[in-house]
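Written below as structure tokens is the structure these notes are about.
The values are calculated or read from the model by the stated rules, or taken from the named source; none is laboratory data. Note that the structure is predicted; figures quoted are calculated from it, not measured. Note that we place each Cβ from the backbone using ideal geometry, even for glycine, and neighbour counts take in every protein chain shown.
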Amino acid sequence: MNGFQLAGRREGFALPAVLVVLLGLGLFVVSGFHAANLDLAAARSLSASIQAFQGAEAGMALLESGSWSSSTAAIGDAVSLEAAIDTLWVESGGPVLVRRRVRATVTDPLGRRLARREIDRLWLLLPDGASVTVAGSWRETIRPDP
């Protein structure tokens, strides 16, 4: 056998090899775009969560200072606030246990919910007018609307 006969058997080998390499590169590019989209979604979610947390903290500060009188408010275009004050326990002539709740919701320009944070604080209002924070909690919900 000489070299020309071996070369004759390999005719057409380059085309399938090049196609396999191009397919592998294509899959690599597609997976790169997918990973970039996942990173972008995670960054948006984190940003919306932080924005909701800051909105809920600002709402609680407004509620505690007495500057907020309605049950709903908005901070800019993206953050809406809801507040509730509930009296949980009253002792005649004694302290009063009050729960203050603020919920902040972040939405995108189309109105879809991106993140929600809720802050609850229990206050003990003493007969002399002083108030003491008894407990606090926060809850986070990041469930984009479908």
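Worth pointing out:
- The stretch 71-90: number of residues that are over 25 Å from Val134 (Cα atoms), part of a strand (DSSP E or B) and either among the basic types (Lys, Arg) or touching a residue at least 12 places away in the same chain (Cβ under 8 Å) (or both): 4
- Reported count of residues in the stretch 26-60, each being under 30 Å from Arg100 (Cα atoms) and among the acidic types (Asp, Glu), is 1.
- Of all residues in the stretch 49-66 being hydrophobic (A, V, I, L, M, F, W, C) and either at pLDDT below 90 or within 30 Å of Gly129 (Cα to Cα) (or both), the one that is nearest to the chain's Cα centre (by Cα): Phe53
- Out of Ala73, Ala35, Ala42, one residue alone is surrounded by 15 or more Cβ atoms within 10 Å (Cβ to Cβ) and closer than 29 Å to Arg117 by Cα. It is Ala73.
- Residue in the stretch 136-144 that is more than 14 Å from the chain's Cα centre (by Cα) and surrounded by fewer than 14 Cβ atoms within 10 Å (Cβ to Cβ) present: yes
- Filter pass, Leu114 being within 21 Å of the chain's Cα centre (by Cα), touching a residue at least 40 places away in the same chain (Cβ under 8 Å) and crowded, with 17+ Cβ neighbours inside 10 Å: yes
- The numbered conditions (1) without any contact (Cβ under 8 Å) to a residue 12 or more places away in the chain; (2) in a strand (DSSP E or B) are all true for Leu46 except (2).
- Residues considered: Arg103, Arg121. Of these, the only one that is assigned to a strand (DSSP E or B), within 17 Å of the chain's Cα centre (by Cα) and of a type in the set (Lys, Arg) is Arg103.
- On inspection, Leu22 passes the criterion of being modelled with pLDDT of 90 or more and not in a strand (DSSP E or B).
- Matching residues in the stretch 88-141 - criterion: being basic (Lys, Arg) and touching a helix residue (DSSP H, G or I) at 6+ places or on another chain (Cβ under 8 Å): Arg100, Arg103, Arg116, Arg117, Arg121
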